[in-house]
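Below is one structure; the comments refer to it alone.
The values are calculated or read from the model by the stated rules, or taken from the named source; none is laboratory data. Not measured: the values here are computed from a predicted model. All Cβ positions, glycine included, derive from the backbone under ideal geometry; neighbour counts span all protein chains shown. Keep in mind that these areas ignore ligands, DNA and RNA; they rest on the heavy atoms of the full protein, side chains included. Shrake-Rupley method; radii C 1.70, N 1.55, O 1.52, S 1.80 Å.
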Amino acid sequence: MRNPSLSLRWGITAALWLITVGPAAADTLRVDAATAVEMALAASQRAVAADARISAAQLTVDAADAARLPVVGASAAVSQRSAVPEFAAATGGPGAEPVVIFPNIETAYAAGIGVRQPLYSGGGIQAGREAARHGLAAADGGQDLTRLDLRYEARVAYWRSIAADAALGAAEAQQRRALRLLDDARALRRAGMAVDADVLGAEARAASAQLDVVRTSTELASRLADLRSLLGLAGDVDLELADRGSHALPPLPAPLDEMVAASEGRPELAIADARIAQATATERAVAAARKPAVGLSAQWDLERPNNRYLPLEDAWNDAWSVGLRATWTVFDGQRTAAEAAAVRAEAQAISADRDELARQVRLQVETARLELEAALEAVAPADASRSAAAAREEASRERYAAGLAPIVEMLDAQAELTDAEVAQITVRVTAWIAAAALERAIGR
């Protein structure tokens, strides 16, 4: 079982980290994927809710355990009754003064202490305890699932921010190239070496590049806002992405069989197993109502008047009793049997859902692994494409400056270079996101 105070410790750790990173942390915060994960876990209210559910499940276990313990109760009462004729009888023979057997007592008092101890419940108490513990295991799995989802969301949000930042850098580089080309076109037109169509083409490309800068800048702001929200940061905190401009790649995935075996510990599967076991135990608890139940009871009463003392008198008298009680429901119209069958059918449904979930988990692992392999394989071609596009753009620029190439060739070369730069960024980010998806599919 997870410690309910775990989120508090995460929060304290994150706060201490923010304090120790330096005075600039109030305005700029440097984060990497691992830091983003820890901060998301510490800031998320979903983690707090998962902790609360574990606490509730633990209290349910405590309540189920208490069913096997004795129950002690105390009572007190006072009542005012209407007056009644007194009943007296001459019990001492002729001439003796009558004895009042039933006096007129208008105010009655009573106090008592009772104890009940179950001795045998047909296995119902034990089954209820087992069901409560399986419910706790399901809540524990729910906490693991929440943390798993938060880790995945934090990694994806971080790498999407990296992609948006890199896309903005590519757009800004394209804008700079487009502006240089526009300046060159205007200079050549003034020298009589270019026509208006060349300048207009360069102006159109510069305007398009500026539009791309606006679009990618908005996309980056949106991605950073998502990341800040997930990390629980204020909107005025600037995030410095540690992997900005990095060409690092995730490692190659392990063999498929090994990863499928590791995915058998997925929280979703653990939750399903706990729910199946809980339903089975609940069925036994329901069916126990058809079996005999035996219990021990003890009672001590102090009453005024006490009906066990005759003749009645307006005085305090006590009495006690100890008993063994057995009950057995002989016929209930098949209500208990129907309830047990309903729980059993629910367990069968959960079992079928669990088998379907296992199939989906294997497919998720296989798909995520294929996506990661494809992304890693695409890195080398993307790098080669970017190098070739950069070389062509440089050659086209030299040819254009020498008057040997039309501006259309230069515009096409710049467009290809921008596309290659974006592709180079995309395949790397795709690889990291695929790696995060694979970790999520495995359950790590």
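Side notes on the structure shown:
- Highest-MSF residue in the chain out of E339, E394, E106 [GNM, Cα springs under 10 Å]: E106
- Using the 1.4 Å probe convention, the accessible area of segment 286-444 works out to 57 Å² per residue with neighbouring protein chains retained.
- Positive contributions from Lys and Arg (+1) and negative ones from Asp and Glu (-1), summed over other residues with Cβ under 13 Å from the Cβ of A111, come out at -2.
- Of A194, Q143, A170, farthest towards positive along the dipole that unit charges on Lys, Arg, Asp, Glu beta carbons give segment 138-237: A194
- Cα-based shape type of segment 321-444, given that a ≥ b ≥ c are square roots of the gyration tensor eigenvalues and the cut on a/c is 1.5: prolate
- Label-to-label distance for W316 and A67 is 3.9 nm, based on points extended 7 Å past Cα in the beta-carbon direction.
- Put a plus charge on the Cβ of each Lys and Arg, a minus charge on the Cβ of each Asp and Glu, and nothing anywhere else: the dipole of the chain about its Cα centre is then about 580 debye.
- On Cα atoms only, tilt of 335-401 relative to the major axis of the chain in degrees: 20
- Dividing the convex hull volume of the alpha carbon atoms of segment 306-380 by its residue count gives 263 Å³ per residue.
- Gaussian network model of the chain, springs between alpha carbon atoms under 10 Å - residue of Q364, Q58, Q80 with greatest fluctuation: Q80
- Part-to-part distance (alpha-carbon centres) for segment 190-243 and segment 379-403, which is given in Å: 22
- The slack between D27 and K291, meaning 0.36 nm per residue of separation minus the straight C-alpha distance, is 88.2 nm.
- The trypsin sites (Lys or Arg not before Pro) of segment 32-130 that DSSP puts in a loop, and whose beta carbon has at most 15 other beta carbons within 10 Å, are R68, R81.
- Rounded, prolate or oblate (a/c below 1.5 giving rounded, otherwise prolate when a/b exceeds b/c) for segment 244-288 by Cα gyration tensor: oblate
- Of L211, L145, L231, the one that fluctuates the most in a GNM where the chain has Cα springs shorter than 10 Å: L211
- Among A88, A319, A436 - extreme Cα towards positive end, dipole of the chain, charges at beta-carbon: A88
- Rounded, prolate or oblate (a/c below 1.5 giving rounded, otherwise prolate when a/b exceeds b/c) for segment 221-321 by Cα gyration tensor: oblate
- Between helix 33-43 and the chain: long-axis angle, C-alpha atoms, 0 to 90°, nearest 10: 30
- Across segment 142-262, C-alpha contacts under 8 Å between residues 6 or more apart give a mean separation that, scaled by the residue count, equals a relative contact order of 34 percent.
- Debye equation applied to the C-alpha atoms of the chain, log10 I(q)/I(0) at 0.10, 0.11 Å⁻¹: -0.94, -1.03
- Helix-only CD estimate at 222 nm, as mean residue ellipticity for the chain, using -39500 (n - 2.57) per DSSP H run (n ≥ 4): -23000 deg cm²/dmol
- Cβ-Cβ FRET estimate between A298 and F331, R0 fixed at 41 Å, reported to 0.05: 0.85
- Helix 45-66 axis, angle to the chain major axis (alpha carbon atoms, nearest 10°): 20
- Carbon plus sulfur fraction of accessible area for segment 132-275, probe 1.4 Å, in percent: 51
- Positive-pole candidate from A415, A347, L372, dipole of segment 346-444, charges at beta carbon: A347
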